[in-house]
Structure formats: C-alpha cells, structure tokens
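To start, the structure itself, in structure tokens.
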Amino acid sequence: MRVAVIGAGVIGLSAAQSIYEQFHSIVSPLSIEVYADYFTPLTTSDGAAGLWQPYLYDKGNVQETKWNKETFDYLLSCLRSPDSIQMGVFLQSGYNLCTEPAPDPSFKDIVLGFRQLTERELQMFPGYNHGWFNTSLMLEGKTYLPWLMDWLQKRGVTFYQRKIESFKELAESGADVIINCSGMRSGDLQPDPELKPGRGQIVKVEAPWLKHWIITHNLKKGVYNSPYIIPGSRLVTVGGILQFGNWSEKNNSTDHKYIWESACQLEPSLKHARIVQDWAGLRPVRSKVRLERETIQSGAAAIEVIHNYGHGGFGLTIHRGCAQEAARLFGQIVEQKGEGPKARL
Amino acid sequence: MGGVRVVVVGAGVVGFSTAVCIAENLPHVSVTLLGEKFSPETTSDGAAGILFAHHNPDVPVEQQRRWFKSSFDHLRLIAQSEDAPEAGVMLSSGWQIFRDVPEDKTPYWSDLVLGFRIMTEREMVRFPEHRFGQAFTTIKCECSRYLPWLEKRFRRAGGQVEQRRVDNLQDLSGSFDVIVNCSGLGSRSLAADVSVQPVRGQVLKMEAPWLQHFIWDGDGLTYIFPGIQGVTIGGTRQGGDWNLQVEENDTRGILKRCSSLEPSLTRARILSSWVGLRPDRRTPRVEVEREVEVKKGGRSVTVVHNYGHGGIGVSLAWGTAMEALGLVKKSLQGNKAKL
C-alpha cells in the first residue's frame, strides 16, 4: 500500500510514525511518503513554545481530552528513554494565573502534582488572585521534529518538498490512502469554513534564570490573549496574542510592544533578558479537531482520505493521541481493502 | 559619639551579608570589609546555593526558623525583582526524596518555603528506589553573581572593601571599634576555635539545559541543582578532609548516584568540577565574645562572631547577618551608656 501524508508538522510526522509502528509488519509492502511545502524548522510546530497544556476547559469534548491524556502519558514514558534529550521532551513546572476564581481545569488529573496556589505564591503576581501549580511536560518542536524525521527516514519513509494542490493529484500518482495533516492550509485542499487562523506572535529571549512557566488567563479576552512566559531548554518564549482571522505571518511591532510590556509587568527580571527573535505563526483553529475518514469520489475512483487537522494551539499537546486514532482509521481502510492479516489466511 | 568604625572579616556570603546589613542599617558608622579571598575564589562561590536546611538538634527551632525565614524572605524579594539575574537569585522547584519514610515528614522550614506538599504516587514512579518525597519551591542564590552584587550594594551604602589577609583579630583593634568575624574556616585560628572543621564537598557542573527541577536525596549526599548556567550535581561529605583537589573517585561516585536519580545526566557534558570545604561546627556561632580591652587609651573593642555555618551558609547568611547586626547595635548602645 502507498500512503501519502500531506504536512510535515508535528501532526503529519507523528501520524506517519503511528501508521508505520502499527502496520509495517502487517501490510507489505507499505510505503509512506510525506509531502510538504515547509519542513522543520519552518513549520508552525517549530515556533510553538512546546508546553503540554490544553485549553483550560474541554467544554465536554471528552474525545480531545482523551487524546491529550494519551499524549501526556506517552511523553511521560519517553522521559526515561535514552532518546529523551534528542526528542526534546522534559519536565517543567509552573503557574497558571487567573484574575478571578475559576473552576479547576480539565487537565488537572492528567498533569503531575496539580494543586491550588497558596496566598504567598499569589502575592508574587499582583493582579491575580487565583491559580494553580503543576508539573507538566515540554516538547520542543525544533528538536522533536528533526528527531521524528530521522526516525521515519531510518525506516524508509520518504520526504518530498512540494505543495500538493489537490487530493486527486496524489491519488492519480498512485497513493492508496491520503493522510491530510495540512494544518492551516487545509482549506486549500478542501474548503472548510470552520477552520480559521488564530494568529499568534511571540518573542524568544535569553533568560536562563527562569525555570517555571507563568501563564495568565483572562476569561473575557479568551485563550492565549493574555501574557504568558514559557522557558524552554535554551530560550524563553514570551507571548500572549491570538487574533482570529488574521492571516499575516509577519511580525507586528504593536503586538511586540503589547507582549513585551505585559510580560515585563508579570516578570520584572525580563527587563534584562536579551531578545533573540520575534516570530508570528497561525494556529489552525477549529471548533473541534477534524479527525475522520472521508471517501472522495473522483470519477470512477474512490480516494481514501483521513483528515487530521484543526489542532489550534494544542497540536503538540494532542499529537500522539490523534496519530494513534489516525492509525486506527487507517486500519479500517486496510481491512476494507483486504490487505490485512485476515486476507492472508 | 564620634565615628564608630566597624570591620567585617571575610568576603564570603556570610561576610558580605553581614557587612551589607550593618552598612545599610547603621548609616552613621563606617564599615570596612577585609577579605583574603574574594569571589570567585570563596567557599560560597562553588556552592549550588539552594535554600534548604536540615534540622540542627543543637539549635533552638525558633532560632533556626528565624534565620531561615529572614534569609528566604530577603532573597525572595530579590528573585521577583529586576535585580534577579544580576544578583543570581531565582526561584527553583523540585523534590526531596527519601528511600525510607522519614520520622519528620514536615521539617521546620516547610511553611517557610513555597507550596510545600507531599509528592503523589504518580510523581514517585520516577524514583523506584524511594518511598517518600516532598515537593516545594525554594530559592537558588548563586554566589558567583550574588557576592559581586552584594559588594555593589555595600559600596553604595558607603562601605569600604580591602583585600587583606588577617592573621590576628587583635591586629585590628587599633583601627576599629567593632570587629565582626565572618571568616568561616579561618576562625580556627582567628577565633582559636578548633571545633570548626572542614567538611569537604565536591561538585560537578553539567551542561543539561533540559533539567528544570532540583532533586535532593534525603541522604544529604546526592543532589541535582539546575542553575543559570549549568546544573550543579554532587556531592560528598568528608569530615576533617582538607583536600582541595578534584578526586576522580568522587567524580565517578557523584555521576553514578545522580544518574540513577536522573538518567539523562549520563548524556550530559561535564563543564567543570569544584571542591569546597564547608566550615562545619556543631552550631553556627553568632555571639559577642567578651569585650576585648585594648591597652591604649582604655578603649574597648567588641568582637562579634558569625561563623560555622557548615553547608547551609547561603540558607542562613542573611538571617545570621541580621542577628549579628543586632549584636553590634546592642554593643554600641552599651558603649554609649558607658560614656
């Protein structure tokens, strides 16, 4: 079988990985090809800070919470692996701050050591009177993506730098199944009014004395529109912008000023941090993740597509759970096409 | 009363903390700090500087609490300020883990640090050989930055600094009215106190920027402390050992013990190694020695001691410095009464 994955961000690469892991000894031959116009370090996943943390409340979307948890547990198990450093995964603790009392977040039982902030801790953050402390995981895209590509390359997965214009194009060239992980640009392949850009801008700085993330939440302004400071292994990501419908990937100086001033208020020591880089990216925001099969009729042929896009600002957080689900859907197609182990009896 | 002249002997964290406390709180006295060695060559410089303590059964708990709280609160304000990076002071979260459940599950400082709690079962899974743990947030104070920052603060408060080896406190009684002895191990001769013993400690500094939490084994011997420019791992506790050379055996032992707590350390590069001698004593000595009478002119010179902090100098420096300040103040008032 020939599998074509569109997209080389964390979603595309991890989907390729899960499919390989589960089917390379079942389907023979199994060729997996990844097509993308951008590869690491230029993908959306590369710009993200890399903190595992879903939105505060899942609003009843238990499916996504399940995928988030699967991803967390998977990454936690990777910590003791000899590959952990090359994967870019490590533990980090930090503060989630609210300006008013709020219900506990949906992820409280998934992360480690979740607790309420004490009075003395809240005193460190004037203007915030409620919040939580917990230990979570970091997964740095700039490290994880190269590791994934290397993992895939060693197992015979091939990569093509090319913008795919249509599913038909790939089907005609012989792909049996297409995994659509095209993130923000999925609309180019198939219009989706629910998919909108959630533009973010960040500043990366050198501040190695900071070891905790500090994320503020303003329930009125909405998610990611409140300052956050997330230390990484080498640089600290400072942000706090989400602009719906803004397609610009250029850095904006007004946004920079807003981010920088509010972050320095939150963490005065930032005033002495060396600014390394500004970056803007488009979160592929959707009401919920689109992770489902679609059989597209193209003349006499039927094109099997598995959609896996619309992960908003939580792609790294949810990637493994989605990849495993995509592999499960792939398994259905394998059964249908009679390529599975049963077919061999 | 004419200009009172105070001299502080010792340029480590205790010496500079004491000098700053006196200079900032007693603006009418002149304060001079004399040190043989300055940062980065003091004992304080190699210390990881994590604020943390073990209960000392020979010191009243209230006094230990007072010292620790004073140090913690003072440094916490610096950690939250713009000065944090220059002063080398930062918040640090992590875990103290025990192979056997300790008798005292909530030590005297547990309400003085931030967010102290017992570790959950899921958190303990990472440490299969340990059965109990505590999680909290404390302060890390890196003396290679903190001491130069304190020196700036001291000079701003009018303090004078001089590099000079002092062989005898008596030599200073001609030029000063109050002598504050913060000479650590040097007090063996300066205060004729042989109860101060070196406890040798070796540490390694590792390049492991992915480590964000401290891990401290309740045995007191094995620890991992991520800092601003590297992760300090250790250690050793060799009583009565004056050897300042880095020992290969100790390096291997430290790497083995720390890697079993944090396997990723086996893939970290060693940046440097260091040996320091903790100025250990049964209790830190913070007190006035009987007033030394000087033969000339019938003056009396007060000696205040502030030494013997063992391996918790950074943790107790500010608190004991404030205590020493109190003793200096009392002695100055006492002298006034005599005039």
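The values are calculated or read from the model by the stated rules, or taken from the named source; none is laboratory data. Values in this document were obtained by computation on a predicted structure and should not be read as measured data. Glycine gets a Cβ as well: all are built from the backbone with ideal geometry, and neighbour counts include every protein chain shown. Protein only, heavy atoms only, side chains kept; ligands, DNA and RNA dropped before computing areas. Shrake-Rupley method; radii C 1.70, N 1.55, O 1.52, S 1.80 Å.
Listing for the model above:
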read-out: Test: residue in the stretch A:203-217 that is more than 14 Å from chain B (Cβ to nearest Cβ), of a type outside the set (A, V, I, L, M, F, W, C) and within 19 Å of the chain's Cα centre (by Cα); value: yes
read-out: Selection within the stretch A:280-303 - open to solvent by 20 Å² or more (accessible area, probe 1.4 Å), in contact with an Asp or Glu (Cβ under 9 Å, 6 or more places away or on another chain), in contact (Cβ under 8 Å) with a residue 24 or more places away in the chain and not β-branched (Val, Ile, Thr); value: A:286, A:287, A:288, A:290, A:291, A:293, A:298, A:301
read-out: Of all residues making up the stretch A:218-260, the number that are more than 30 Å from residue A:59 (Cα to Cα) and more than 14 Å from chain B (Cβ to nearest Cβ); value: 8
read-out: Whichever residue in the stretch B:59-76 is open to solvent by 20 Å² or more (accessible area, probe 1.4 Å) and either closer than 30 Å to residue B:126 by Cα or in contact (Cβ under 8 Å) with a residue 12 or more places away in the chain (or both) and, among such residues, is farthest from the other protein chains (Cβ to nearest Cβ); value: B:61
read-out: Filtered residues of the stretch A:136-152 (kept if open to solvent by 20 Å² or more (accessible area, probe 1.4 Å), more than 14 Å from chain B (Cβ to nearest Cβ) and under 18 Å from the mean Cα position of the chain (by Cα)); value: A:146, A:149
read-out: Enumerated helices (runs of 4 or more DSSP H) restricted to the stretch A:28-135, each holding at least 1 residues that are within 16 Å of the chain's Cα centre (by Cα) and either surrounded by fewer than 18 Cβ atoms within 10 Å (Cβ to Cβ) or away from every other protein chain (no Cβ under 11 Å) (or both); value: A:44-47, A:62-78
read-out: Set B:23, B:53, B:48, B:79: member being within 18 Å of residue B:232 (Cβ to Cβ) and more than 14 Å from chain A (Cβ to nearest Cβ); value: B:53
read-out: Residue in the stretch B:88-105 that is open to solvent by 10 Å² or more (accessible area, probe 1.4 Å), within 27 Å of residue A:264 (Cα to Cα) and within 12 Å of another protein chain (Cβ to nearest Cβ) present; value: yes
read-out: Matching residues, the stretch B:21-40, being surrounded by fewer than 24 Cβ atoms within 10 Å (Cβ to Cβ), among the hydrophobic types (A, V, I, L, M, F, W, C) and either at pLDDT below 95 or not in a strand (DSSP E or B) (or both); value: B:26, B:38
read-out: Restricting the stretch A:170-202 to residues that are polar (S, T, N, Q) and open to solvent by less than 20 Å² (accessible area, probe 1.4 Å), the residue that is nearest to the other protein chains (Cβ to nearest Cβ); value: A:201
read-out: Subset of the stretch B:106-117 [facing chain A (nearest Cβ under 10 Å) and open to solvent by less than 80 Å² (accessible area, probe 1.4 Å)]; value: B:112, B:113, B:114, B:115, B:116, B:117
read-out: Of the criteria (1) open to solvent by 40 Å² or more (accessible area, probe 1.4 Å); (2) within 18 Å of residue B:315 (Cα to Cα); (3) basic (Lys, Arg), which one residue B:140 fails; value: (1)
read-out: 1 or more residues farther than 30 Å from residue B:37 by Cα: qualifying strands (runs of 3 or more DSSP E) within the stretch B:87-170; value: B:89-98, B:114-118, B:132-141
read-out: Criterion violated by residue B:56 - all others in (1) of a type outside the set (Asp, Glu); (2) in a strand (DSSP E or B); (3) open to solvent by 10 Å² or more (accessible area, probe 1.4 Å) satisfied; value: (2)
